[in-house]
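Down below is the structure, laid out as structure tokens.
The values are calculated or read from the model by the stated rules, or taken from the named source; none is laboratory data. These numbers come from a predicted model, not from an experiment. Reconstructed Cβ throughout: ideal geometry from the backbone, glycine too, with neighbour counts over all protein chains shown. Heads up: the accessible areas ignore ligands, DNA and RNA and are worked out on the full protein's heavy atoms, side chains in. Shrake-Rupley method; radii C 1.70, N 1.55, O 1.52, S 1.80 Å.
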2 protein chains.
Amino acid sequence: MNPELSSFYSGAARPSSSSRTAVSNKLNQLTKPPGSLGQLEELVLWLGACQGTDQPQAKKKRILVAAGDHGVTQEGVSPYPSSVTGQMVENMLAGGAAISVLAKQAQAELILIDAGVADDLSPHPNLLIKKTKKGTANLAQGPAMSSTDCLAALQEGLALAATSKQEGVDILAIGEMGIGNSTPAAALYCSLLGLAPSEIAGRGTGLDDAGVLRKQQVIAKALALHQAQLRQPLDHLQRLGGFEIALLTGICLGAAKEGIPLVVDGFISAAAALVALKLEPQTKDWLLFSHSSAEGGHPKALRALGVKPLLHLDLRLGEGTGAALALLLLDQALALYEGMATFAGAGVDEQKEP
Amino acid sequence: MNPELSSFYSGAARPSSSSRTAVSNKLNQLTKPPGSLGQLEELVLWLGACQGTDQPQAKKKRILVAAGDHGVTQEGVSPYPSSVTGQMVENMLAGGAAISVLAKQAQAELILIDAGVADDLSPHPNLLIKKTKKGTANLAQGPAMSSTDCLAALQEGLALAATSKQEGVDILAIGEMGIGNSTPAAALYCSLLGLAPSEIAGRGTGLDDAGVLRKQQVIAKALALHQAQLRQPLDHLQRLGGFEIALLTGICLGAAKEGIPLVVDGFISAAAALVALKLEPQTKDWLLFSHSSAEGGHPKALRALGVKPLLHLDLRLGEGTGAALALLLLDQALALYEGMATFAGAGVDEQKEP
């Protein structure tokens, strides 16, 4: 674990290898060739290990969507105005956004967190106001956040994971909303994975070719500006990140500490997870990377992280949409695990001796 | 269309391009960047075009699973005995197989078809007996089927599609069960796509390295044996295929003729679809290839077919399991299409002028 964390973070828990073995034994009794359900089997093994049981469940699912605004939009890195961040949070709460629909389909609770939205949002039972500032400063001109503000957002994330544990959440998922946030996410991939802006920065919500080039130049400028100060992972997060990203990093760390399995969404959420992995590598055991996004070099970044995403649907929306789809797939994996007959029970002959 | 078919088949229908455009216009009003739901948008566009409406639906789903046995099992190409084919059909009907669970999850009707199972099966309301023979002959020694028997199985498939149309099925899916059937499927990929056995034949239900090598040699032997007689696509199907494969080819052709969208499962089902595409290329418009299987060279075969599979979950079970998962994903795509707010309706600002 990175020494920066030790004052307020006790490290990741360890999943249960004996539960994983117990799940594996049960899977191999089901009426199918061993391993033939591929990644669906891996999902059940992971969930069993995380929950420490051979009867894993995903009854109480919670999707945490963090939102924030970004000073770097001054540089023309998004085709949408910053006003859309708050409007989309309200749309999510009203049920009209993609994540609203998918959360309902997945029978998951959807909680929005204002981590740093520029506009003031109307109160709503599913909205938590955890705003430190009304958006970040322009990372191409200086640090996106102060060190204090960044840590405050991260600690809000840790607290949300702890609350989820107390409330008996079986599985968490994270998503985000923030006009301009594919720029800080791409900057974090560059600085933490050693990738070039041209390898990772993409169209975001719909930049044209000239816009993508401009965005890559903005990131290159920011990297040059901050380079000398990027010593610890938290320096990267503070200088290049965003409030919603820092809060999601905290949720990842918190889920690993509390022992809650967590599903990571796409390009932005995985950048937050990347910071968590740099701070505490054992966080990885608790994270499922839901999908490989169509945004920029996301597949390359996931390969660099050494993770295998579950879905490849060319999604590039964020919000937690890929994570919600992964939750739905996890439900299918559990239905198979719980519902299939065994060879003995169904009177089906097993493999011949070789 | 291939002239072999013209005596009993009138060709594929054409999907509606105007419905596709109407769906596209609606998708672009929803509160998301255009195209950002990736392949989920493509699913709705496809379904709308096939159903000729901008309000596509998948309320009445039907999964047709064809089963048959294979004389080529004499060559030691499967680690399971042929008795498992009939046992697994009964397990599917009793609710204990993977496809039973997933069909229920997808709220899809599951119908089993005995296309040529060696054992006599107990009657069941969801089992159709369409058996021509009790399994194929050994394709490494001679033709798997007679021309007459092969055509009979294919025509049963056409009839099943016609019945599905009459009964108001919104979307069909196909799967299969047949110990040994990855060998005829691999042989068809080789003979129809010009692939080598070593490029396509895999472990099936769990062959070891020596078993895979033996299987590849069996396929090479069969290809050499039949080579001179493989003139038309139906020659390939008759000599190298199987009863369940021929019946599934008929369902693919029938769905395209009747205008029903159809979801294709994995390695075996896609081989049946391949024959249909060789007989009538316009069948392609009606088919969704649900997943890229972990079996042998399935990804390579799908690339050769020029299709992009939806899921990549390392499944290698067959039965229609990948197709059922695709149906579940299609439900999510439709829920988004029907449930999301529009920019105007939600008061969310649209993209700035570039």
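Among the residues of the stretch A:123-132, is any within 19 Å of B:A341 (Cβ to Cβ), open to solvent by 30 Å² or more (accessible area, probe 1.4 Å) and within 14 Å of chain B (Cβ to nearest Cβ)?
First pass over the stretch A:123-132, keeping only residues within 19 Å of B:A341 (Cβ to Cβ): A:124, A:126-127.
Pick out the ones that are also open to solvent by 30 Å² or more (accessible area, probe 1.4 Å) and you get A:124, A:126.
Remaining after also requiring within 14 Å of chain B (Cβ to nearest Cβ): none.
Checked against the condition, which is being within 19 Å of B:A341 (Cβ to Cβ), open to solvent by 30 Å² or more (accessible area, probe 1.4 Å) and within 14 Å of chain B (Cβ to nearest Cβ), the stretch A:123-132 yields no hits at all.
Of the candidates B:L287, B:L328, B:L336, the single residue that is under 13 Å from the mean Cα position of the chain (by Cα), open to solvent by less than 30 Å² (accessible area, probe 1.4 Å) and on the phi < 0 side of the Ramachandran plot is B:L287.
Just one of the listed residues (B:Q51, B:Q57) is among the polar types (S, T, N, Q), under 21 Å from the mean Cα position of the chain (by Cα) and under 18 Å from B:T283 (Cα atoms), and it is B:Q51. Only residues that are within 9 Å of chain B (Cβ to nearest Cβ) and aliphatic (A, V, I, L, M) were counted across the stretch A:78-91, and they come to 2. Looking across A:L274, A:L329, A:L315, one residue alone is facing another protein chain (nearest Cβ under 9 Å), among the aliphatic types (A, V, I, L, M) and assigned to a helix (DSSP H, G or I). It is A:L329. For the stretch B:66-77, a tally of residues being within 14 Å of another protein chain (Cβ to nearest Cβ) and open to solvent by less than 10 Å² (accessible area, probe 1.4 Å) returns 3. The condition of being under 30 Å from B:K59 (Cα atoms) and touching a Gly at 6+ places or on another chain (Cβ under 8 Å) holds for only one of B:L253, B:L274, B:L302, that being B:L253. Determine whether B:A173 is part of a strand (DSSP E or B), aliphatic (A, V, I, L, M) and touching a Phe, Trp or Tyr at 6+ places or on another chain (Cβ under 7 Å). No, not satisfied.
Among the residues making up the stretch A:26-55, those that are of a type in the set (G, A, S), crowded, with 19+ Cβ neighbours inside 10 Å and more than 14 Å from every other protein chain (Cβ to nearest Cβ) are A:G48, A:A49. Taking (1) open to solvent by less than 30 Å² (accessible area, probe 1.4 Å); (2) more than 17 Å from the chain's Cα centre (by Cα) in turn, B:L213 satisfies each apart from (1).
A:G322 falls short on exactly one of the conditions (1) part of a helix (DSSP H, G or I); (2) crowded, with 24+ Cβ neighbours inside 10 Å; (3) out of contact with any strand residue (DSSP E or B) (no Cβ under 6 Å at 6 or more places or on another chain), and that condition is (3). The number of residues in the stretch A:93-104 that are more than 9 Å from chain B (Cβ to nearest Cβ) and either under 18 Å from the mean Cα position of the chain (by Cα) or among the small types (G, A, S) (or both) comes to 2.
Results for (1) over 30 Å from A:E319 (Cβ atoms); (2) of a type in the set (A, V, I, L, M), shown as yes or no for each residue.
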position	(1), (2)
B:A12	yes, yes
B:S16	yes, no
B:R20	no, no
B:W46	no, no
B:P56	no, no
B:L64	yes, yes
B:V72	yes, yes
B:S82	yes, no
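Of all residues being in contact with a strand residue (DSSP E or B) (Cβ under 8 Å, 6 or more places away or on another chain) and either of a type in the set (V, I, T) or part of a loop (DSSP other than H, G, I, E, B) (or both) in the stretch B:287-312, which is farthest from B:A13 (Cα to Cα)? Just the residue, please. Spell out the reasoning first.
Within the stretch B:287-312, the first condition is being in contact with a strand residue (DSSP E or B) (Cβ under 8 Å, 6 or more places away or on another chain), and the residues that meet it are B:287-292, B:302, B:305, B:307-312.
Add one more test, that the residue is either of a type in the set (V, I, T) or part of a loop (DSSP other than H, G, I, E, B) (or both), and what stays is B:290, B:292, B:307-310, B:312.
Details: B:S290: 21, B:S292: 26, B:V307: 19, B:K308: 22, B:P309: 22, B:L310: 23, B:H312: 29 Å.
The qualifying residue farthest from B:A13 (Cα to Cα) is B:H312.
Where residues in the stretch A:343-354 are facing another protein chain (nearest Cβ under 7 Å) and among the hydrophobic types (A, V, I, L, M, F, W, C), which of them is surrounded by the fewest Cβ atoms within 10 Å (Cβ to Cβ)? For the stretch A:343-354, the residue satisfying everything is A:A346. Each residue in the stretch A:4-20 was checked for being surrounded by fewer than 15 Cβ atoms within 10 Å (Cβ to Cβ) and either among the small types (G, A, S) or modelled with pLDDT of 95 or more (or both), and 7 pass.
Residue-level check: of (1) without any contact (Cβ under 8 Å) to a residue 60 or more places away in the chain; (2) part of a loop (DSSP other than H, G, I, E, B), A:L93 misses just (2). Only one entry of A:G168, A:G206, A:G142, A:G157 meets the criterion of being in contact with a helix residue (DSSP H, G or I) (Cβ under 7 Å, 6 or more places away or on another chain) and either assigned to a loop (DSSP other than H, G, I, E, B) or touching a residue at least 40 places away in the same chain (Cβ under 8 Å) (or both), and that entry is A:G157. With the requirement that a residue be over 16 Å from B:L47 (Cα atoms) and of a type in the set (G, A, S), what does the stretch B:245-286 give you? Those that are over 16 Å from B:L47 (Cα atoms) and of a type in the set (G, A, S): B:A246, B:G250, B:G254, B:G266, B:S269, B:A270, B:A271, B:A272, B:A273, B:A276. Among residues of the stretch A:235-247 that are free of Cβ contacts under 8 Å to residues at least 60 places away in the same chain, those with a beta-carbon under 7 Å from a residue that is assigned to a helix (DSSP H, G or I) and open to solvent by 10 Å² or more (accessible area, probe 1.4 Å) at least six positions away or on a different chain give the pairs A:D235/A:Q229; A:H236/A:S191; A:H236/A:L192.
Considering (1) more than 30 Å from B:I111 (Cα to Cα); (2) more than 7 Å from chain A (Cβ to nearest Cβ); (3) of a type in the set (A, V, I, L, M), the lone condition that B:M340 does not fulfil carries the number (2).
Is the stretch B:92-113 home to any residue that is in contact with a Phe, Trp or Tyr (Cβ under 8 Å, 6 or more places away or on another chain), open to solvent by less than 30 Å² (accessible area, probe 1.4 Å), of a type outside the set (S, T, N, Q) and closer than 24 Å to B:L240 by Cβ?
Taking the stretch B:92-113 as the starting set, the residues that turn out to be in contact with a Phe, Trp or Tyr (Cβ under 8 Å, 6 or more places away or on another chain) are none.
No, because not a single residue in the stretch B:92-113 is in contact with a Phe, Trp or Tyr (Cβ under 8 Å, 6 or more places away or on another chain), open to solvent by less than 30 Å² (accessible area, probe 1.4 Å), of a type outside the set (S, T, N, Q) and closer than 24 Å to B:L240 by Cβ.
Taken as a whole, the structure places A:P309 among residues that are modelled with pLDDT of 95 or more and either within 7 Å of chain B (Cβ to nearest Cβ) or touching a Ser or Thr at 6+ places or on another chain (Cβ under 6 Å) (or both).
Only one of the numbered conditions (1) out of contact with any strand residue (DSSP E or B) (no Cβ under 7 Å at 6 or more places or on another chain); (2) part of a helix (DSSP H, G or I); (3) in contact (Cβ under 8 Å) with a residue 60 or more places away in the chain is violated by A:K284, and that is (3).
Just one of the numbered conditions (1) away from every other protein chain (no Cβ under 14 Å); (2) open to solvent by less than 10 Å² (accessible area, probe 1.4 Å) is not true of B:G178: (1). Only one of the listed residues (B:H291, B:H298) is within 14 Å of chain A (Cβ to nearest Cβ) and out of contact with any Phe, Trp or Tyr (no Cβ under 8 Å at 6 or more places or on another chain). That residue is B:H291. When A:V23 is tested against the conditions (1) part of a helix (DSSP H, G or I); (2) β-branched (V, I, T); (3) open to solvent by 10 Å² or more (accessible area, probe 1.4 Å), the lone failure is (3).
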